[in-house]
Amino acid sequence: MNTTILGLDKQKSENLVISLNSLLSNFQVYYQSLRGLHWNIKGKSFFELHVKFEEFYTDSQEKVDLIAERILTLGGTPLHTFEDYAKLAKVPVGRNITNGTEAVTLVVKSLSELLKIERVILDESDEANDEGTNSMMSDFIAEQEKTIWMLNAWLN
């Protein structure tokens, strides 16, 4: 039998696990950058951005858990070491950023990179008839597109 207990093609599920682990790794790096932005932001937008970055990292932390649980649901093992995350991360890393414009630009670039990965997973999950992963990616994409629009409005 070439299907999982969920009725999905085993090979396609294994490929999805690899892609989801890449997304997990990128979200973990993004999360840590958001923590740094939250801690280090300065200037006239401090109060506004300090709260916003906390909102973003709390949301990212929830998404990390959802992604890891989806990997487990598909029969895989979620990556959980910083070494693994660093190898797979494509999102830019923010280091000692205190300027609001620079910080918000980093978040936009990070979300854009996450969207690229999520769209690949969306295609893979669609091809695998994996509605659980497909639905999760659709929700992530819609939310992040709106966030990018709002952050770009703030930047302009």
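The values are calculated or read from the model by the stated rules, or taken from the named source; none is laboratory data. Note that the structure is predicted; figures quoted are calculated from it, not measured. Neighbour counts are summed over all protein chains in view; Cβ atoms, including those assigned to glycine, are modelled from backbone coordinates with ideal geometry.
Filtered by the rule that a residue be acidic (Asp, Glu) and over 13 Å from Val17 (Cα atoms), the stretch 112-137 gives Glu113, Asp123, Asp126, Glu127, Glu131.
Every test in (1) part of a loop (DSSP other than H, G, I, E, B); (2) under 12 Å from the mean Cα position of the chain (by Cα); (3) farther than 21 Å from Leu16 by Cα is passed by Lys44 save one, and that test is (2). Note on the stretch 7-59: among residues that are hydroxyl-bearing (Ser, Thr, Tyr) and farther than 15 Å from Val107 by Cα, the one that is surrounded by the fewest Cβ atoms within 10 Å (Cβ to Cβ) is Ser45. Within the stretch 60-76, the set of residues being in contact (Cβ under 8 Å) with a residue 12 or more places away in the chain and within 11 Å of Leu20 (Cα to Cα) comprises Val64, Leu66, Ile67, Ala68, Arg70, Ile71, Leu74, Gly76. As a summary of the residue check, Ile97 satisfies the conditions (1) within 18 Å of the chain's Cα centre (by Cα); (2) among the β-branched types (Val, Ile, Thr); (3) under 18 Å from Arg35 (Cβ atoms); (4) buried (at least 18 other Cβ atoms within 10 Å of the Cβ) except for the one numbered (1). Every listed requirement among (1) within 15 Å of Glu124 (Cβ to Cβ); (2) of a type in the set (S, T, N, Q); (3) surrounded by fewer than 19 Cβ atoms within 10 Å (Cβ to Cβ) is met by Asn2 save one, (1). Among the residues of the stretch 3-49, none is identified as at pLDDT 95 or above, of a type in the set (S, T, N, Q) and in contact with a strand residue (DSSP E or B) (Cβ under 8 Å, 6 or more places away or on another chain).
Criterion first (of a type in the set (A, V, I, L, M, F, W, C), over 26 Å from Asn156 (Cα atoms) and touching a residue at least 60 places away in the same chain (Cβ under 8 Å)) does Ala89 satisfy it?
Spelling it out, Ala89 is indeed of a type in the set (A, V, I, L, M, F, W, C), over 26 Å from Asn156 (Cα atoms) and touching a residue at least 60 places away in the same chain (Cβ under 8 Å).
Exactly one residue out of Ile121, Ile141 is within 30 Å of Thr3 (Cβ to Cβ), buried (at least 19 other Cβ atoms within 10 Å of the Cβ) and touching a Leu at 6+ places or on another chain (Cβ under 9 Å): that is Ile121.
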